[in-house]
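Participant: Starting off with a structure, shown below.
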């Protein structure tokens, strides 16, 4: 017996829009927060692809940036800390006619959720993961994050961070992500393009979004990045060259690359799973009515 | 004989589980009721493993006490199990493996040496083939016809038939003939009584029940004794259209299931206590976001890693309290495989009707033991209603978490235009908007929080009304009332029969739904009880504590066991006699 869930169709319902600051949805981000740039970029990307808002599910964990699903007019799931990835994968496998975008912060994705991040990439699940990377824990008022730089003084590291930061781009490459990009909140159009291409990409798309925290990170500020970022698209980088991608992934200093680091074609999890290959799971019949032959094995 | 118990023992890797499978299935194909118990250790090679297949014309609810036939693959098996060989029993062994002294045999038993290795050597030097000869000899003594044994053996090789299958079939015949020639007529033999029955392990019944209930997504991380739920489902996934995901850990497993349920399919996860401990935070999220979810918790001996391959009912407290804060949940406790099949269907219905997590409490003894199921006990034609509970939008604002009398609000599924909403782990208003940050503590939203909490918790009333209440078995009035839950109920049922055979009537009150407690019904069932005896496989009597907290009824007499072994009917009988005699 088929579920009555309608198949997602391109023309169904209104387009996606940012609703934060409008009607009764008040922003929970500080004025000037980098995340405003990211939410605008997500809206722009989805609109560019003309995906109706009802066919988009935004999934997040916990943290300042994880409030993002509430600020858009799509479906959303605002889960628990660090678990955006498995929820997003579950949504995607339930109905892979939907566009699934996971969003969250560096603590959520690279700290408590690091294990899920790695496994989602090796599975090449066809979804987009935008990590608003501000290199600090903001919602808990300023502790070191997995991407805080060596020596950075925070509430939890008054003598300075003594652990090497996670290198998200390298981690993504090592884990088998098939679309690895980095954007900067100070360039919304560029970020929107990276996200749109990530949605269009067949497979796991990771977008590291440099998204400064204006309250708790006084080092990695908008100015810090404006002075350092440069676009890979205009610097002769070949995103199909894994060796070059590794070199760029490890570049972090006076110059910080943004843009598409790496992309590759590989079958998605949804294509390889024998059941999902038959179409969105939610549209397939459920139950065992009329399947009495199954019981033969117990005789 | 109307009943027989066959025990086989050896070292891990000797193939004891396969011997047990073939024996159990052959007996169930004779139309007998069978209970198969597999005792093993957390090792792949070495150690001691044994299997007991108990078969009877009457329904059997446990592995029983003692055995009539003992097939020993090593001397250790003889040392451990020979004392359990009942009067009239026969020990089957190969003198080439080890020697048995006549004087070691219990009074009234005998030994049947069978050259199993020599019979097998005709085909291969692989010693594992000796089991086929042993099976043949045991089958002769048990009354299992040779052609039936050979058919079962052949079926056990599935599609990979070939030389090995042929060798097994021929060697089984040789073992059978040897016993026929040397053992004389067997007075232990049972006879076929009717049409074949299904033989199912609890976990197979759980997986089958889930699929019949419309489950389309299972995410799980391997952990004994829950793993075989995933194995059955994965083995049938392509055929029955269920997506099975082995997750990177239990945190991912439950979150994937919640995502899939939110996304539009019936979804579940399964684990044991250690994995469930990791799932606790997400369980509360399912309660908060009002996402239907079924979690099977197959308990094993704790605490911590505990005894990974041994049974216990020690996780009830954890299941009751899992998750910060309070949210509605139900905990079902099936007692045997057919019951587990039906419990899964009830669990999915409850989870979906009440949009909240439902736990199914199994344990190693239920999950991994085999029991026969009458074909009429399994009905695959389960009615599966649509997941939608909202009509298409008609211009009115859609409130995902609308306040309702029942506590259940209309549920939309992503993809449906005009009903877009955000489900969240934060406290929220009727629209699903957060009231946890900029609104929290503001008087108007303080009141909203209370209303939303009350709405969710109202579902407990419905869960109570909609779930199965306590059950009494046996005469309404009896001098002793057993109180039990889950797989333990099986050994109690067998103990009650043993007591009844000795003209000692008893009855039993058990709880198919251990939470929410049906306090009034339970009070009414227990009111006439003159003496009660609480039976639980844990240290502190966790169900007893729950019932006392919810009803005030106290159970001073207890039989609590936490040695990892399932209950044996005779130990229940012994404790019952003590209680009846005022001890």
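Readers should treat all values here as calculations from the given coordinates under stated rules, not as data from a laboratory. Here the structure is a predicted model, which means the values were calculated and not measured. Virtual Cβ from ideal backbone geometry, glycine too; neighbours counted across all protein chains shown.
Participant: Among the DSSP beta bridges whose two residues both lie in region B:3-196, what percent are antiparallel, rounded to the nearest 5?
Facilitator: Expressed as a percentage, antiparallel bridges in region B:3-196 total about 60.
Participant: Test of understanding: ordering A:179, B:401 by Cβ neighbours within 10 Å, fewest first, what list do you get?
Facilitator: Ranked by crowding around the Cβ, least crowded first: B:401, A:179.
Participant: Which distance in Å, rounded to a whole number, links the C-alpha centroids of region B:412-469 and region A:152-214?
Facilitator: Spelled out, the Cα-based centre of one part sits 33 Å from the other.
Participant: Roughly how many Å is it from the Cα centre of region B:229-265 to that of region B:307-331, as a whole number?
Facilitator: 21 Å
Participant: Using the Cα gyration tensor of region B:415-469, with a ≥ b ≥ c the square roots of its eigenvalues, what is the shape: rounded (a/c below 1.5), prolate (a/b larger than b/c) or oblate (neither)?
Facilitator: Oblate.
Participant: Another question, if that's okay. Of A:66, A:175, A:235, which is the most mobile in a GNM of chain A whose springs link Cα atoms less than 10 angstrom apart?
Facilitator: A:235
Participant: Please label the shape of region B:237-310 as rounded, prolate or oblate, based on the square roots a ≥ b ≥ c of the eigenvalues of the alpha-carbon gyration tensor (a/c under 1.5 means rounded; beyond that, a/b larger than b/c means prolate, else oblate).
Facilitator: Judged from the Cα gyration tensor, region B:237-310 comes out oblate (a/c at least 1.5, b/c at or above a/b).
Participant: For chain A, what does the relative contact order come out to in percent, with C-alpha contacts under 8 Å and a separation of six or more?
Facilitator: Taking the mean separation of contacting Cα pairs over the length of chain A, I get 19 percent.
Participant: Take each of the peptides B:74-81, B:444-451, average the number of other beta-carbon atoms within 10 Å over its residues, and list them starting from the highest.
Facilitator: In descending order of packing, they fall as B:74-81, B:444-451.
Participant: Run through the DSSP bridge list for the protein assembly as shown and note the antiparallel percent, rounded to the nearest 5.
Facilitator: Of all bridge pairs located within the protein assembly as shown, approximately 35 percent are antiparallel.
Participant: A further question follows. Share of antiparallel DSSP beta bridges in region B:471-580, in percent to the nearest 5?
Facilitator: 25 percent
Participant: Counting partner chain Cβ atoms within 10 Å of every residue's Cβ in A:69-77, what's the average?
Facilitator: Partner-chain Cβ atoms within 10 Å, mean over residues of A:69-77: 6.
Participant: Something else: Could you tell me whether region B:471-580 comes out rounded, prolate or oblate from its Cα gyration tensor? Rule is a ≥ b ≥ c as square roots of the eigenvalues, rounded for a/c under 1.5, then prolate if a/b exceeds b/c, otherwise oblate.
Facilitator: oblate
Participant: Residue by residue through B:430-441, how many Cβ atoms from other chains fall within 10 Å of the Cβ on average?
Facilitator: Partner-chain Cβ atoms within 10 Å, mean over residues of B:430-441: 3.
Participant: Separate question: Is there a simple number for the mean count of other chain Cβ atoms within 10 Å of the Cβ of residues in B:406-415, and what is it?
Facilitator: 5
Participant: Looking at chain A as a GNM with Cα springs under 10 Å, which of A:208, A:241, A:24 has the largest mean-square fluctuation?
Facilitator: Sorting by GNM fluctuation, first place goes to A:24.
Participant: Sticking with this one: I'd like the orientation of helix B:337-354 relative to chain B: the angle between its Cα long axis and the longest Cα principal axis, in ° from 0 to 90, rounded to 10.
Facilitator: Roughly 10 degrees between the two axes.
Participant: Here's a follow-up. Among A:86, A:31, A:285, determine the one that fluctuates most according to a GNM of chain A built with springs between C-alpha atoms less than 10 Å apart.
Facilitator: Largest GNM mean-square fluctuation: A:285.
Participant: Relative contact order, percent, of chain B when contacts are C-alpha pairs under 8 Å separated by at least 6 residues?
Facilitator: Dividing the mean separation by the residue count of chain B yields 12 percent.
Participant: Calculate how steeply helix B:443-466 sits against the longest principal axis of the alpha-carbon atoms of chain B, using the helix alpha-carbon long axis, and give the answer as 0 to 90 degrees to the nearest 10.
Facilitator: 40 degrees
Participant: Compute the distance from the alpha-carbon center of region B:70-105 to that of region B:116-169, in whole Å.
Facilitator: Their Cα centres are 21 Å away from one another.
Participant: Between the helical axis of B:130-142 and the dominant principal axis of chain B, each derived from Cα atoms, what acute angle in degrees is found, rounded to the nearest 10?
Facilitator: That helix lies at roughly 90 degrees to the long axis.
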